[in-house]
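Engineer: Dropping a structure here in C-alpha cells format, bear with me for questions.
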Amino acid sequence: MISKAVQSIQQGKCVVFPTETVYGLGANALSTSQVAQIFAFKNRPTSNPLIVHVANMDMIFTVASSLSSLEQRLFEAFSPGPLTLVLPKKENVPSIVTGNLDSVGVRIPNHPIALDFLNAVNLPICAPSANISGKPSPTTYEMAKHYMKNQDVIILDGGNLEIGIESTVIKVERDEIYLLRAGAISPQMIADFCGIMPIIKQSEAHRSPGTKFTHYKPKAKVHLYTYNTTSPFTQINNAILLCLNLPLNTQYKHIYHFTDIQEYMHHLYEIFFQADKKGISHIICELPINEGLGMGLYDRLSRAGEN
Ligand code: TXA
Ligand code: MG
C-alpha cells in the first residue's frame, strides 16, 4: 500500500494517511497543482494555510529557511508528535500552501504508517485533516472512507487514531512562544521543557488563520455546559450526553462518561460522526476546564457549539 501511495503522489494525486492526531489529505507541498486539489476537494478557504509533514529533522529544510536553536530543541523534544511549529518559509514553497504568508507550519507525525509513507515518498507532504471543511476531522478509517467516497484517492488504513484532535500549533518569536492552536501538547508541557510559558492570549497576528473558520460541526446541535452548573438540557429528546462527571439526571438516550480528557478527545469526533449517522438531533457536552490538556478539547467543543 505504501508504494501505491508513493506512486499516487508521483502521479499528481492526493493520498489520505493516518497520523497520531487525525487522518490527513496529503499532497506534494512543492506542487501547486496537487495542492490545489486539496482546497477544491475540501472546499477550504485559500487563506487557511496547510501544515507540511516531514519524516525527520533534515527534511524540515525542504520547506523552512531557518531553525533557531529554541525551535530545534522543541522539535527534538516533541517530535515525532502532535506539535506543529510555524517557521520562516523557504521561497520554493508555493504560496497556495501557506495562504500567502511568509511562514510555514511543519510537523513530524508520530504514526508508523505516516512515517513509512513520508520516508518512502521523500517529499514534504502538506495535509489538512481529511474532512470536508467545517465537519469533524476523521479519526477512524470509516470516517476517512466516508469523506472520500466520491474521490479516487488511496486511503492508508491506520485504524482508530490515538489522540483524536489536531496538533498543537506554536510560533517562536524572539524569545517568546505563541500558542496558535491548542492540542495534546499543552502549554505547561512546553514550559516544563524549555522554561518559557507559551503566550495564550491571541491577538489577530498571533492566531492560526484556521481558527477563524467554522469547524468540527456535526449536523446535530451541540449544547455545552460546565460541571456544577445546572444543565438546562434535561428535556431534550433524541439527545446524547458526553461528560467527565456524571450528572444526577440521566435521561439521555446514550451517555458517554469519560474517565479523563484524553479519552474524551480520543472519541469526540467519532461520536459526532456516529451521532449524525444515527440521526441524533442534540449532543450535550460537558466543557472541561480551559487549561492544560483541557484547552484543546475546550477549543474544539466551543467551536462545535457555536451558532
Ligand atoms: O494534527 C494535525 O495538525 C492535522 C494532521 C493531519 O497533521 N492537520 C491539521 O491540519 O489539523 P488543518 O489544515 O486542519 O489545520 C492546520 C492549522 C490551521 O489552523 C492553520 O491556520 C494553521 O494550522 N497553520 C498552518 N500554517 C500556518 C502558518 N504558517 N501560520 C499560522 N498558522 C498556520
Ligand atoms: Mg482541519
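The values are calculated or read from the model by the stated rules, or taken from the named source; none is laboratory data. Quick caveat: nothing in here was measured; it's all calculated off a predicted structure. Neighbour counts are summed over all protein chains in view; Cβ atoms, including those assigned to glycine, are modelled from backbone coordinates with ideal geometry.
Engineer: Quick one: in region 42-68, of everything that is modelled with pLDDT of 95 or more and within 16 Å of ligand 2 (Cβ to nearest atom), which residue is nearest to residue 90 (Cα to Cα)? So that I can check it myself, show each step before the final result.
Structural biologist: Taking region 42-68 and keeping what is modelled with pLDDT of 95 or more, we get 49-68.
Keeping just the survivors that are within 16 Å of ligand 2 (Cβ to nearest atom) gives 49-53.
On the way: 49: 15, 50: 15, 51: 14, 52: 12, 53: 15 Å.
Only one residue fits best here, namely 52.
Engineer: OK, next. Keeping to region 14-36, report how many residues are assigned to a strand (DSSP E or B) and aromatic (Phe, Trp, Tyr). Walk me through it before giving the result.
Structural biologist: Filtering region 14-36 down to residues assigned to a strand (DSSP E or B) leaves 15-17, 24-28.
If we keep only those that are aromatic (Phe, Trp, Tyr) too, we end up with 17.
Number satisfying all stated conditions: 1.
Engineer: Any residue at all in region 270-293 that's within 18 Å of residue 186 (Cβ to Cβ) and assigned to a helix (DSSP H, G or I)?
Structural biologist: To start, the set of residues in region 270-293 that are within 18 Å of residue 186 (Cβ to Cβ) comprises 287-293.
Then keep just the ones that are assigned to a helix (DSSP H, G or I); that gives none.
No, region 270-293 has no match at all.
Engineer: Somewhere in region 89-99, is a residue at pLDDT below 95 and among the β-branched types (Val, Ile, Thr)?
Structural biologist: Checked against the condition, which is being at pLDDT below 95 and among the β-branched types (Val, Ile, Thr), region 89-99 yields no hits at all.
Engineer: Go through region 133-150 residue by residue and tally those that are polar (S, T, N, Q), within 10 Å of ligand 1 (Cβ to nearest atom) and within 16 Å of residue 167 (Cβ to Cβ). Even if it seems obvious, please write down each step before you answer.
Structural biologist: Restricting attention to region 133-150, the residues satisfying the condition of being polar (S, T, N, Q) are 133, 137, 139-140, 150.
With within 10 Å of ligand 1 (Cβ to nearest atom) added as a condition, the list becomes 133, 137.
Filter once more, so that each one left must be within 16 Å of residue 167 (Cβ to Cβ): 137.
So the answer is 1.
Engineer: Can you work out which of the residues in region 118-132 that are within 12 Å of ligand 1 (Cβ to nearest atom) and outside any strand (DSSP E or B) is surrounded by the fewest Cβ atoms within 10 Å (Cβ to Cβ)? Steps first, answer last, please.
Structural biologist: Within region 118-132, the first condition is being within 12 Å of ligand 1 (Cβ to nearest atom), and the residues that meet it are 118, 125-132.
Applying the additional criterion that residues be outside any strand (DSSP E or B) yields 118, 127-128, 130-132.
Details: 118: 25, 127: 26, 128: 23, 130: 28, 131: 25, 132: 12.
Per the stated criteria, the residue is 132.
Engineer: Can I ask one more? Considering 97, 106, 93, which residue is within 16 Å of ligand 2 (Cβ to nearest atom), buried (at least 19 other Cβ atoms within 10 Å of the Cβ) and not polar (S, T, N, Q)? Let's see the steps before the verdict.
Structural biologist: Working: 106 fails: within 16 Å of ligand 2 (Cβ to nearest atom); 93 fails: within 16 Å of ligand 2 (Cβ to nearest atom).
Every option except 97 fails the conditions.
Engineer: Kindly provide the set of residues from region 42-65 that are touching a strand residue (DSSP E or B) at 6+ places or on another chain (Cβ under 6 Å) and without any contact (Cβ under 8 Å) to a residue 40 or more places away in the chain, ordered by number.
Structural biologist: Answer for region 42-65, where residues must be touching a strand residue (DSSP E or B) at 6+ places or on another chain (Cβ under 6 Å) and without any contact (Cβ under 8 Å) to a residue 40 or more places away in the chain: just 65.
Engineer: Could you look through region 159-177, keep only residues that are farther than 19 Å from residue 262 by Cα and either in contact (Cβ under 8 Å) with a residue 40 or more places away in the chain or assigned to a strand (DSSP E or B) (or both), and pick out the one that is nearest to ligand 1 (Cβ to nearest atom)?
Structural biologist: Step one: list which residues in region 159-177 are farther than 19 Å from residue 262 by Cα, which gives 170-177.
From what is left, the residues that are either in contact (Cβ under 8 Å) with a residue 40 or more places away in the chain or assigned to a strand (DSSP E or B) (or both) are 170-173, 175-177.
Values: 170: 10, 171: 7, 172: 12, 173: 12, 175: 19, 176: 15, 177: 13 Å.
It comes out as 171.
Engineer: Exactly one condition in (1) part of a helix (DSSP H, G or I); (2) away from ligand 1 (no atom under 12 Å from the Cβ); (3) out of contact with any strand residue (DSSP E or B) (no Cβ under 7 Å at 6 or more places or on another chain); (4) of a type outside the set (Val, Ile, Thr) is not met by residue 39; state its number.
Structural biologist: (2)
Engineer: Kindly indicate which of 43, 28, 56 is among the polar types (S, T, N, Q), surrounded by fewer than 24 Cβ atoms within 10 Å (Cβ to Cβ) and touching a helix residue (DSSP H, G or I) at 6+ places or on another chain (Cβ under 7 Å).
Structural biologist: 28
Engineer: Sort out which residues of region 138-174 are within 30 Å of residue 67 (Cα to Cα) and either surrounded by 15 or more Cβ atoms within 10 Å (Cβ to Cβ) or within 16 Å of ligand 2 (Cβ to nearest atom) (or both), and write them in order of number.
Structural biologist: Just the residues of region 138-174 that are within 30 Å of residue 67 (Cα to Cα), to begin with: 161-174.
Residues satisfying the conditions are 161, 162, 163, 164, 165, 166, 167, 168, 169, 170, 171, 172.
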